[in-house]
1. Pick out the one residue from Y54, Y4, Y50, Y61 that is of a type in the set (S, T, Y), surrounded by 12 or more Cβ atoms within 10 Å (Cβ to Cβ) and under 24 Å from the mean Cα position of the chain (by Cα).
2. Do you know which residues across segment 20-35 are open to solvent by less than 90 Å² (accessible area, probe 1.4 Å) and in contact (Cβ under 8 Å) with a residue 12 or more places away in the chain?
3. Restricting attention to segment 147-174, which residues are part of a strand (DSSP E or B) and either loosely packed, with under 15 Cβ neighbours inside 10 Å or not aromatic (F, W, Y) (or both)?
4. Just wondering, is there one or more residues in segment 81-97 that are among the charged types (D, E, K, R), modelled with pLDDT of 85 or more and open to solvent by 100 Å² or more (accessible area, probe 1.4 Å)?
5. Considering segment 131-146 alone, what residues qualify as being assigned to a strand (DSSP E or B) and open to solvent by less than 30 Å² (accessible area, probe 1.4 Å)?
6. Six or more apart or on different chains, Cβ under 9 Å: which pairs go from a residue in segment 104-125 that's farther than 12 Å from F160 by Cβ and without any contact (Cβ under 8 Å) to a residue 12 or more places away in the chain to one that's among the aliphatic types (A, V, I, L, M) and not in a strand (DSSP E or B)? Could you list them?
7. Determine the pairs where a residue that is free of Cβ contacts under 8 Å to residues at least 24 places away in the same chain, located within segment 130-157, has a partner that is polar (S, T, N, Q) and open to solvent by less than 50 Å² (accessible area, probe 1.4 Å) with Cβ atoms under 9 Å apart, the partner being 6 or more residues away or on another chain.
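The values are calculated or read from the model by the stated rules, or taken from the named source; none is laboratory data. From a predicted model like this one, the values you see are computed outputs, not experimental measurements. Don't worry about glycine lacking a Cβ; one is built from the backbone with ideal geometry, like all the others, and counts go over all protein chains shown. In case anyone asks, the SASA skips ligands and DNA or RNA and just uses the protein heavy atoms, side chains included. Shrake-Rupley method; radii C 1.70, N 1.55, O 1.52, S 1.80 Å.
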Amino acid sequence: MNLYLRYFDREILVNTVDEAIAFLSDIDEIGMNHMLEADIRDYVASDVAYPKRYKIRPRVYFIIIKTEAATMQDFKEKRAVRSEVAPKAAAPAVLRLNEERYGWYEGTLDFKRVTLMPGTGKFQYRDTHFVACCKAYSGQDCYNRIVDHLSQRVDSRSQFPSSKGKNFKFIYLGDCKQLEV
């Protein structure tokens, strides 16, 4: 992995952290010291992929970017850009949302509920956490049943999140007997 460093119009692509520190030490305005050097070494050794900005004085920074680019031209033309991988935990839940599996589900929903302020007579949004167990055919069906239940019992201005968002979670608890009609 290489490092791209830039301070105003001075820029460089280096192979090692020692070369980066030598480049920064040559710039008097940066004022390289042991603490800054240790922080740069920690950043380079870490798994952090995003760029790191270091403040020199108000509104003046230098930047370090980890890159796979072999040359400055490759870096400038963005030939070695890393593709960000979606979090592994989020994808299966969204894929399982419409998976048909009749049984008991526990659904957790965080939504904005409209409530009346007793002293002022005004309304405000309150973050509300709601958990329910219900019989459903899928995670999406569980979400729909919870929202239907809540919409009959809370103010119509309350805001419910998307079933695909981070504010709805569900767990399949197990089978239940399906009544034949």
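1. Details: Y4 fails: under 24 Å from the mean Cα position of the chain (by Cα); Y50 fails: surrounded by 12 or more Cβ atoms within 10 Å (Cβ to Cβ); Y61 fails: under 24 Å from the mean Cα position of the chain (by Cα).
Result of the check over Y54, Y4, Y50, Y61: Y54.
2. Keep residues of segment 20-35 that are open to solvent by less than 90 Å² (accessible area, probe 1.4 Å), which gives 20-25, 27, 30-33.
Within segment 20-35, A20, I21, F23, L24, I27, I30, G31 qualify.
3. Across segment 147-174, the qualifying residues are Q159, K169, I171, L173, G174.
4. Looking only at segment 81-97, we keep the residues that are among the charged types (D, E, K, R), and these are 82, 84, 88, 96.
Pick out the ones that are also modelled with pLDDT of 85 or more and you get none.
Scanning segment 81-97, I find no residue that is among the charged types (D, E, K, R), modelled with pLDDT of 85 or more and open to solvent by 100 Å² or more (accessible area, probe 1.4 Å), so the answer is no.
5. A132, C134, A136
6. Note: pairs meeting the criteria are Q124/M117.
7. Going by the 9 Å Cβ cut-off, the qualifying pairs are F130/T108; N144/S163; S151/S158.
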